[in-house]
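J.: There's a structure below that I have some questions on.
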Amino acid sequence: MEDSIFFKEQKDRVLDWVMYWHSDFSVVLANQQEMQRMMLVEIDETTFREWGSPVITPRDKLKEIIAKAEQAGASVIAVDLELSWWSDGCIHEVGKTPACSLADSTADDSLAQYLHSLNERQTPKAPIIILTRTYRYPLGKTQAFRERAPSFLDDTLKSQKNVFWSSTFFKVDDDRIRRRWQLASLICQDEHLTLMPSMQLLVAMAQLYTTPDSTREAAQLIRTKLKQWNDWANTLSCDANQGSTLAQLCQRQQSCPDLTVELPKQAGLSDETHLVDLAGGRETERVVYRFAPPDNPNPFQRRLIDKINAQQLLSHDIDNQIVLIGVTYPESGDHHPIPIRDKEVDGVYIVANAIDTLLRFGQFQPQPWLNQWLISLAIIIIATIIFSLYGIIRAFAYSTIIVGVALFVLSGQALHHGIGVDIALPLLAIQIVQMILYIFETLYEGGKSC
Amino acid sequence: MLNKTFLMIVLIFCLDSSFSITHAFNCRFPVAEIDKIEAIGEVSILRASKNRLHEWAGQNNRRLCPEDEVIVPKNLPQITITYHSEGPYRKTLTAGEKYTVIALDDPCGALCKAKEKLAKLWAKLWGTEPSSITEHAGWKGGDSISHIFTPLADSAGSAEPFYLFAREGAIPLFWKGGKPPYQLAVKDTKGQVVVQKTLESGEFSFTSLAPEQGLEYSLTIISTKDKTCQKDNSKFCEKKLIFTVPPFPFDSQADPFMQLTTLLGDCQKNWRLEIWRQLSTMPNSKKKQAFMAHLRDNDVGPYDRDIKLCQ
């Protein structure tokens, strides 16, 4: 019963509630300093209008932003913009004639060449660039795996050395809230599978393996992992029967390789080493949201993510921070509900919180079974005592209050360590049992008096 | 039910207090930084956390904590300090200037969220809009006195001037924060006093006599009791009033609210005081009240949702 969708949804909502109250804080590391904030370079409404409200982010402007971020000292730059479209507004597929009017491709070529030069750079401080693109389901086939849509960068970026492709898929629940990530996805490419790591995973790996002097170790590690994963994935056909997620595939396939990634500690970012399992499954996929633009903006409030308008980037500097480039203008349509806000937030904040989750505690951990068992036992004993001392209504109220307080305190504390606490179900079970007993007793007493 | 609510509120309060205590340590959370310039090494910082011990700023020593004092050398024309605040706030210091870094409000924690929830619940129960969901307490100094600020100015940024139509008529001013009595002064660009008043309340109607286009006044409001303006150099006490032409011709036959809404949508200039001025002269109506509440509550977006937000 605990594994039913209904109860999973209820557990999600309880955790949402706890997350809501325990969000919007600065993380303090062991050295008593604030965890390094990420830098969001936002294409906001001002920039958007300044550029003439373009439908597609102008490629020359994007090149300029990446170049400025690189010159300012960023070692990891993540571009949360889908880079499949050519500047003419179409995706150019082989064998198809795009219906878009012909446009000058100079800006596309220039960005491609610039990214190519970054990709080939071997200097110690060459930045690591994480890009994303459109992945879509094929037409007229079973929709088990998405396919990579062509990109204007494909002809130039033939290999991944410093510039890496990633996915930005988040699971959308029935209430449209994005609660879970897909740490790595399976993509169908040339009739075989390809493992596509998520943007948050690559950013976390890149940043945590970057030393103050060099990004080389980080780039090398990503290349090695990608090769290792894809040497395995490429041997598999795009057959949905073998499983469509890594977790399913590894349950059914005996030959599943090591799909774990060690995220080491790093001064200013993370106090502990975390081991992340790409096939960890649903329980580990929760994004623990910590920040987002406030529902009621207060201009005097300290912010938890550094943010700069793309127009102002030139006059700013970046201290080895993770740089995210994303859109925040209202017309982008990239706004989604999240547990810690009443209003929808821009997609780039979801990616930022996913990166934050990985840096803080790797993956979300289910409660250790011994703790869960002890807490459940304690609740059952307390609830039983309460039900034996008070009438049904009072007992309901008191047990709910106690569990409410316990839930709030325990879950909140656990959440700060990336651990989920589930104590609502044992209480609910006791309450239901007591209610059934009460009904039976009432009926029995009624029957006797007749 | 009451018990549960009480317990929850106590619990939320305790948790929020614990967060506030952790935030109070000096200085894990820098609130600002000096923008990079070549000669940054010549800028002095007196660190509040080190009993005002002198340090030189540098490319890797630019972050500032509340109460740190920044001193610009006389040979450096200017430096800029950027605050890590939700709203854009930058402070430009000129040669020889000293400046004490001010504190920012903490992010909205559990207590703040509880307040927001209660305000929303209240609004739903009684069918009114909450007068102000977020507390605009202003900059915090060393104590908890809220500083003077003009709600109509907040969304456009504290340093932005008010633009007014160059025409005769009363300009109804109002402000919040600080402690009365207030000393209000309006000066022209030459520094000559146009109006000077000591006031017991946070409002004053100032009448300008047919100002010319391009005329600039400087409005200063100081709380004489706590000297908040002198203390933190807050710009909220000092606003420029610029008289100019309307950005589009006003049609006397058209819907005045539509025209004011369009005016509010002007992202280049803050016309809120002019809109307030015009609304004040209109006959009372629900629409007028709603519009004024929108301005008073400092809603960032324009009144009409069809018009895109200014950011």
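J.: Is it true that residue B:13 is more than 10 Å from chain A (Cβ to nearest Cβ) and either modelled with pLDDT of 50 or more or on the phi < 0 side of the Ramachandran plot (or both)?
T.: Answer is yes for this residue.
For every residue, the table says whether it meets (1) within 14 Å of chain B (Cβ to nearest Cβ); (2) part of a helix (DSSP H, G or I); (3) touching a Leu at 6+ places or on another chain (Cβ under 9 Å).
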site: A:12; (1), (2), (3): no, yes, no
site: A:24; (1), (2), (3): yes, no, yes
site: A:66; (1), (2), (3): no, yes, yes
site: A:77; (1), (2), (3): no, no, yes
site: A:85; (1), (2), (3): no, no, no
site: A:89; (1), (2), (3): no, no, no
site: A:92; (1), (2), (3): no, no, no
site: A:97; (1), (2), (3): no, no, no
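J.: Go through region A:105-150 and count every residue that is in a loop (DSSP other than H, G, I, E, B) and either charged (D, E, K, R) or within 27 Å of the chain's Cα centre (by Cα) (or both).
T.: Selection size over region A:105-150: 15.
J.: So, residue B:231, is that one modelled with pLDDT of 75 or more and in the same structural domain as residue B:182 (by TED's automatic domain parsing) or not?
T.: no
J.: Can you name the residue in region B:82-96 that is within 13 Å of chain A (Cβ to nearest Cβ) and either assigned to a strand (DSSP E or B) or over 23 Å from the mean Cα position of the chain (by Cα) (or both) and, of all such residues, is nearest to residue A:25 (Cα to Cα)?
T.: Looking at the filtered set, the residue picked out is B:85.
J.: Could you grab me the full set of residues in region A:120-157 that are over 24 Å from residue A:245 (Cβ atoms), surrounded by fewer than 19 Cβ atoms within 10 Å (Cβ to Cβ) and out of contact with any helix residue (DSSP H, G or I) (no Cβ under 7 Å at 6 or more places or on another chain)?
T.: A:120, A:121, A:122, A:123, A:125, A:150, A:154, A:155
Let's see how each residue does on (1) within 14 Å of chain B (Cβ to nearest Cβ); (2) surrounded by 19 or more Cβ atoms within 10 Å (Cβ to Cβ); (3) modelled with pLDDT of 85 or more:
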position: A:4; (1), (2), (3): no, no, no
position: A:15; (1), (2), (3): no, yes, yes
position: A:20; (1), (2), (3): yes, no, yes
position: A:53; (1), (2), (3): yes, no, yes
position: A:60; (1), (2), (3): no, no, yes
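J.: Which of the numbered conditions does residue A:33 fail, given that it passes all the others? Conditions: (1) touching a helix residue (DSSP H, G or I) at 6+ places or on another chain (Cβ under 8 Å); (2) under 22 Å from residue A:413 (Cα atoms); (3) surrounded by fewer than 21 Cβ atoms within 10 Å (Cβ to Cβ); (4) in contact (Cβ under 8 Å) with a residue 12 or more places away in the chain.
T.: With respect to (1) touching a helix residue (DSSP H, G or I) at 6+ places or on another chain (Cβ under 8 Å); (2) under 22 Å from residue A:413 (Cα atoms); (3) surrounded by fewer than 21 Cβ atoms within 10 Å (Cβ to Cβ); (4) in contact (Cβ under 8 Å) with a residue 12 or more places away in the chain, residue A:33 is out only on (1).
For (1) in contact (Cβ under 8 Å) with a residue 24 or more places away in the chain; (2) closer than 22 Å to residue A:163 by Cβ, each residue gets a yes or a no:
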site	(1), (2)
A:28	no, no
A:37	yes, no
A:46	yes, no
A:64	no, yes
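J.: Right, another one. Identify, by number, the condition in (1) more than 11 Å from chain B (Cβ to nearest Cβ); (2) touching a residue at least 12 places away in the same chain (Cβ under 8 Å) that residue A:402 doesn't meet.
T.: (1)
J.: Pick out, from region A:229-348, the strands (runs of 3 or more DSSP E) lying fully within it that include 3 or more residues that are within 12 Å of chain B (Cβ to nearest Cβ) and buried (at least 17 other Cβ atoms within 10 Å of the Cβ).
T.: Where strands (runs of 3 or more DSSP E) fall fully within region A:229-348 and carry at least 3 residues being within 12 Å of chain B (Cβ to nearest Cβ) and buried (at least 17 other Cβ atoms within 10 Å of the Cβ), they are A:306-309.
The values are calculated or read from the model by the stated rules, or taken from the named source; none is laboratory data. Treat the numbers as computed from the prediction; the structure is a model and nothing was measured. Backbone-built Cβ (ideal geometry, glycine too); neighbour counts: all protein chains shown.
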